[in-house]
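One structure below.
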Amino acid sequence: MTTTHTTTGKFTVTSWKEEIVIDVDGDATDVNGVKYPTRGFSRADTSYSYSGAIEGSGVVSYLISYRPGVAPVSGFEQFTGSIDGHDGTLVFQHVGEHDAEAVRATLHIVDGMGTGGLEGMTGEATINLAGHSDDGYDISLTYSL
């Protein structure tokens, strides 16, 4: 019998390196040393630190599209750590969107990519990064193991 659980935690961004891949109009704007295209996409290599019932670290590669209004974001993250006391690694596929206010995404656990106590875990998490936070952002994960 498979049981579904919901657990929560916090995560903080520990590193973010973003570079333009395509600048459709050639008019990128510089913000604090990072260039952002009006229309195009970039790649961001990012690290997260997790705390709470989800404890560990993650390494993410994002593709981020830019256009006026809401634009899609996708990526893959390898999580290493513990979820409700189950230790191991797994891979999240990030599927979401961003605008000038926030990044919103669903993180799907990729089947067949887990190790240790996280091998066989299925489920998804939701995140919403609105504004800058020194205290981290909430993550809610619903899973089966």
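Some notes on this structure:
- Conditions (1) surrounded by fewer than 18 Cβ atoms within 10 Å (Cβ to Cβ); (2) under 16 Å from Y50 (Cα atoms); number of the one not met by I127: (1)
- Taken over region 1-48, the criterion of being closer than 17 Å to G75 by Cβ and of a type in the set (K, R) is satisfied by K17, R43.
- Condition broken by T38, with the remaining ones in (1) touching a Ser or Thr at 6+ places or on another chain (Cβ under 8 Å); (2) in a strand (DSSP E or B) satisfied: (2)
- Exactly one residue out of R43, R67 is out of contact with any helix residue (DSSP H, G or I) (no Cβ under 7 Å at 6 or more places or on another chain), under 20 Å from T12 (Cα atoms), surrounded by fewer than 17 Cβ atoms within 10 Å (Cβ to Cβ) and among the basic types (K, R), and it is R43.
Taken together, the values in this text are just the output of simple stated rules run on the coordinates, not laboratory data. Note that the coordinates shown come from a computational prediction; the quantities given were computed from them, not determined experimentally. With ideal geometry, Cβ positions are generated from the backbone for all residues, glycine too; neighbour counts draw on all protein chains shown.
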